[in-house]
Each structure stands twice: as C-alpha cells, then as structure tokens.
Amino acid sequence: MFLLHPTLLAAWEFGKVAMMVAAAWVLYVWSAGDRDGQRFRFVTGEHGLRIARVLCGLAVIPWGLAHFVYLKETVVLVPGWLGSPVFWAYLTGAAFIAAGVAMLSGVWARLGATLLTVQLALLTLLVWVPRAVAGNLSAFQWGEVVSSVALTAAAWVVADSYRGKPWLGLPGR
C-alpha cells in the first residue's frame with residue numbers, strides 16, 4: 001500500500017492536467033480549419049476527439065481510486081447534512097471510475113461523460129461553495145475551489161463533444 005500512495009498522488013495531479021488538456025484538445029478540434037485538418041489529420045476530426053476523450057477517461061480513474069485509498073481524507077469533505085459520508089465517498093469514487101471506463105471503452109460514453117460533469121458540478125456546489133462562503137478556507141483549499149470549477153468546465157467541454165452520439169451507445173455506432 002505504501003508504494004501505491006505516491007503513485008496515486010502523482011496520478012491525481014496528472015488527472016487534473018490531463019482533464020484540462022482533453023478539454024483544450026476538444027476545443028482545438030472544433031476550431032481547426034481546413035489547413036489544420038489536412039496537416040494534422042491525426043489530431044483533428046473524429047480521431048482527435050477520440051484521443052481527447054480517452055485522455056479524459058484516463059484522468060478520472062485515479063480520482064476514483066483515491067476516494068477508496070484516501071477514504072479518511074475524503075469522508076471529511078462530505079457535508080454533514082448528507083449523512084453516511086462513507087457511502088458518498090465510495091459512491092463518488094465508483095462513479096469516477098465508471099465514467100472513466102465508459103469513456104475509455106466507448107460503451108455508454110456520452111452518459112458517463114455527462115454524469116461526470118454533473119458529479120464535478122455537485123462536488124463544487126456541495127463541498128467547496130459552502131466552505132468558501134463560510135470564509136474558512138486555507139490557501140490550498142482555495143486552490144481546490146478554483147481547480148474544481150475549472151475541472152467542471154473542462155468536463156463539460158468533453159461531454160459536449162459527444163453531442164449527437166447515442167446516450168447508451170456502443171463503440172463504432
């Protein structure tokens with residue numbers, strides 16, 4: 001378990017950056033002109049979107065694993081009025097993993113990406129906004145607030161890249 005912790009922490013930080021890169025990649029694909037489409041065909045069009053979606057899927061799986069490995073640290077973030085903080089920690093961890101697997105496999109990918117966005121938005125609204133309003137955040141926690149908002153926006157961009165795809169679609173359909 002000792003060796004897993006540093007690796008998981010590095011993967012957690014990788015996930016933040018990977019999510020931002022995935023969203024930027026989607027935006028690049030959407031704005032790529034004909035010249036970019038010809039010169040950089042391997043990173044634009046549907047192939048480029050697939051790369052961005054896979055990157056997003058890879059980003060969120062370590063977040064889910066961290067909810068299990070760092071259960072004690074996760075539970076304290078669950079608002080008391082929700083009750084059963086261990087349940088919520090496990091549920092959100094499993095949801096991150098499920099969303100990642102959906103995007104990696106392409107099975108129910110649109111649903112997974114959309115629910116990932118909803119989950120990140122709810123985490124921002126239920127965990128960080130009340131703490132920010134209360135005014136008792138450390139500098140690190142303020143960084144988490146900003147990260148949470150940015151990651152929600154990034155997930156939204158990636159989820160929107162599935163527009164027109166079936167909600168419960170299988171790969172290649």
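The values are calculated or read from the model by the stated rules, or taken from the named source; none is laboratory data. The structure presented is a predicted model; accordingly, all values stated were derived computationally and were not measured. Cβ atoms come from the backbone with ideal geometry, glycine included; neighbour counts cover every protein chain shown.
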Next on the checklist: I need the full set of residues from region 78-103 which are surrounded by fewer than 17 Cβ atoms within 10 Å (Cβ to Cβ) and on the phi < 0 side of the Ramachandran plot, in order please.
Outcome noted: Pro79, Gly80, Trp81, Leu82, Pro85, Val86, Phe87, Leu91, Ala94
Item to check | Search result, residues across region 1-34 that are more than 30 Å from Tyr70 (Cβ to Cβ), surrounded by 16 or more Cβ atoms within 10 Å (Cβ to Cβ) and at pLDDT below 85 | outcome: Ala32
Checklist outcome for this item: Those residues of region 142-168 which are more than 17 Å from Ala52 (Cβ to Cβ), in a loop (DSSP other than H, G, I, E, B) and not aromatic (Phe, Trp, Tyr) amount to Pro166, Leu168
Item to check | The listed residue being modelled with pLDDT under 95, surrounded by fewer than 18 Cβ atoms within 10 Å (Cβ to Cβ) and small (Gly, Ala, Ser), out of Gly48, Gly37, Gly106 | outcome: Gly37
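Which one of Pro171, Pro166, Pro130 is exposed (fewer than 15 other Cβ atoms within 10 Å of the Cβ), in contact (Cβ under 8 Å) with a residue 40 or more places away in the chain and within 22 Å of His67 (Cα to Cα)?
On the way: Pro171 fails: within 22 Å of His67 (Cα to Cα); Pro166 fails: within 22 Å of His67 (Cα to Cα).
Pro130 is the lone residue from the list that is exposed (fewer than 15 other Cβ atoms within 10 Å of the Cβ), in contact (Cβ under 8 Å) with a residue 40 or more places away in the chain and within 22 Å of His67 (Cα to Cα).
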